[in-house]
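J.: This is the structure, below, for whatever I ask next.
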Amino acid sequence: MALPLDVLEKSMNQKLSLLLKDGRLIEGKLTGYDEYMNMVLNEVEETYEDNKRRLGTIILRGNNVVSISL
Amino acid sequence: MALPLDVLEKSMNQKLSLLLKDGRLIEGKLTGYDEYMNMVLNEVEETYEDNKRRLGTIILRGNNVVSISL
Amino acid sequence: MALPLDVLEKSMNQKLSLLLKDGRLIEGKLTGYDEYMNMVLNEVEETYEDNKRRLGTIILRGNNVVSISL
Amino acid sequence: MALPLDVLEKSMNQKLSLLLKDGRLIEGKLTGYDEYMNMVLNEVEETYEDNKRRLGTIILRGNNVVSISL
Amino acid sequence: MALPLDVLEKSMNQKLSLLLKDGRLIEGKLTGYDEYMNMVLNEVEETYEDNKRRLGTIILRGNNVVSISL
Amino acid sequence: MALPLDVLEKSMNQKLSLLLKDGRLIEGKLTGYDEYMNMVLNEVEETYEDNKRRLGTIILRGNNVVSISL
Amino acid sequence: MALPLDVLEKSMNQKLSLLLKDGRLIEGKLTGYDEYMNMVLNEVEETYEDNKRRLGTIILRGNNVVSISL
């Protein structure tokens with residue numbers, strides 16, 4: 001069985017695609033996380049209502065995340 | 001009596017259909033979970049307002065889940 | 001005095017009618033629960049805005065529940 | 001001083017009127033409660049947008065309650 | 001320094017005016033409270049969208065309260 | 001480094017401007033607080049949708065606060 | 001691996017750009033934080049629906065934050 005945090009650990013330095021509660025889509029390389037699924041992402045691109053923005057490195061609060069696509 | 005987490009355990013490697021708080025429907029094979037009902041799902045297909053998307057493997061945050069159909 | 005969880009225990013294998021926060025109505029037979037009022041329900045029928053769906057067996061997250069009619 | 005839970009204890013077997021977060025009004029006789037203000041109510045009548053429904057016995061989740069009129 | 005709960009303690013048996021999250025205004029005499037700022041209020045008058053209602057004695061859940069005017 | 005609660009401590013008896021989640025603006029002199037950032041404020045003036053109200057002394061629940069301007 | 005709080009620690013005295021749940025954008029220099037990601041920011045500029053405001057020093061509640069761009 002794969003614990004969700006173990007799957008996150010195996011995804012380190014890989015590109016993830018995250019859906020946030022407000023509909024925002026975040027794509028970036030995972031460089032860190034904690035037990036609350038707060039994450040550090042590099043080379044981030046955000047898509048929101050057809051607009052794209054480059055955000056560089058971000059800290060993302062875990063409680064805003066709906067799902068993480070590997 | 002069937003504890004909810006025991007029922008999840010018995011559903012490992014089976015296809016589940018999940019309803020999320022935002023109305024999203026997620027179908028996929030359960031490959032992991034934790035005590036907060038965070039889940040790891042494979043071969044995921046998302047349906048949202050008549051649009052379908054294939055998402056591959058996802059980590060789903062348990063606090064967005066309304067119900068899980070076995 | 002009847003503790004809410006004791007009343008749930010006495011309702012095992014009986015048909016319940018649950019109102020969810022999003023207005024969804026869930027009817028089904030209670031086959032399990034935990035201390036957070038997460039529930040396992042069999043033979044589930046969901047009613048939402050005049051549409052009915054059969055859902056079979058579901059795990060329902062307790063924090064989406066408003067009230068449980070015995 | 002009257003602790004809220006002590007006031008609830010003294011209201012056992014009495015008729016209460018509860019306002020829920022979604023605007024629903026619940027009237028019923030208190031037959032049980034727990035430390036989270038989850039309640040068991042008998043002879044329940046629900047009023048919602050001018051519609052009344054008899055609900056019999058219900059378990060009500062405390063986190064949906066705004067106020068309890070004695 | 002005045003701790004919020006100490007200020008509540010000094011307001012016992014005095015008339016308070018409370019603003020709730022849903023815009024409701026509650027006026028009443030404080031006769032009890034607990035550590036979560038759940039309160040017991042007597043001689044309560046509720047104002048909501050220009051309608052006033054007398055509610056007698058109520059238990060008010062603290063997590064619905066925005067502010068308490070002394 | 002300045003811990004948020006230490007900054008609040010240094011702001012005692014000073015005028016603060018607080019933005020609440022519902023868009024309300026609260027200005028007042030800080031006379032107390034606790035670890036949850038519940039606050040006691042004196043000489044309070046509330047601004048909401050271009051309307052101003054004097055509120056005297058209030059207890060403000062910390063979980064409604066977005067930001068505190070010193 | 002970079003823990004989110006460690007990344008915040010390394011961002012001390014640097015300019016950050018924060019997105020809040022209500023769509024507000026906050027730019028400022030980080031001068032403090034705690035384990036809940038409550039933050040103290042200096043030289044703050046807020047952008048909200050095309051309006052900019054200078055806010056000086058603020059304490060920002062962590063539970064309103066969606067993401068922090070370094």
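J.: Please specify each residue of segment C:15-34 satisfying the condition of being outside any strand (DSSP E or B) and more than 14 Å from B:ALA2 (Cα to Cα).
T.: C:LYS21, C:ASP22, C:GLY23, C:ARG24, listed by residue number.
J.: Of a type in the set (S, T, N, Q), modelled with pLDDT under 95 and farther than 17 Å from F:MET39 by Cα, is that true of E:ASN51?
T.: Considered against the rule, which asks whether it is of a type in the set (S, T, N, Q), modelled with pLDDT under 95 and farther than 17 Å from F:MET39 by Cα, E:ASN51 comes out as yes.
J.: Continuing with the same structure: Looking at the structure I just gave you, is A:GLU27 more than 10 Å from the chain's Cα centre (by Cα) and of a type in the set (Asp, Glu)?
T.: no
J.: Given the criteria of a type in the set (S, T, N, Q) and over 19 Å from D:MET37 (Cα atoms), does E:ASN13 qualify?
T.: So E:ASN13 passes the test.
J.: Please work out which residue is farthest from A:LEU3 (Cα to Cα), limiting yourself to segment B:46-61 and to residues that are buried (at least 16 other Cβ atoms within 10 Å of the Cβ) and of a type in the set (D, E, K, R).
T.: B:GLU46
J.: Any idea how many residues of segment F:58-70 are within 8 Å of chain E (Cβ to nearest Cβ) and either in a strand (DSSP E or B) or among the hydrophobic types (A, V, I, L, M, F, W, C) (or both)?
T.: 3
J.: Can you name the residue in segment A:1-57 that is in contact (Cβ under 8 Å) with a residue 40 or more places away in the chain and within 12 Å of chain G (Cβ to nearest Cβ) and, of all such residues, is nearest to B:LEU8 (Cα to Cα)?
T.: Among those residues, the one meeting the criterion is A:LEU8.
J.: Right, here's the next one. State the number of residues belonging to segment D:35-57 that are more than 12 Å from D:LEU16 (Cβ to Cβ) and assigned to a strand (DSSP E or B).
T.: Going through segment D:35-57 one residue at a time, the tally reaches 10.
J.: Still on this structure: Can G:ASN64 be described as among the polar types (S, T, N, Q), touching a Gly at 6+ places or on another chain (Cβ under 6 Å) and surrounded by 17 or more Cβ atoms within 10 Å (Cβ to Cβ)?
T.: Against the criterion (among the polar types (S, T, N, Q), touching a Gly at 6+ places or on another chain (Cβ under 6 Å) and surrounded by 17 or more Cβ atoms within 10 Å (Cβ to Cβ)), G:ASN64 does not qualify.
The values are calculated or read from the model by the stated rules, or taken from the named source; none is laboratory data. Bear in mind the structure is a predicted one, so any value in this text is a computation, not a measurement. Neighbour counts are summed over all protein chains in view; Cβ atoms, including those assigned to glycine, are modelled from backbone coordinates with ideal geometry.
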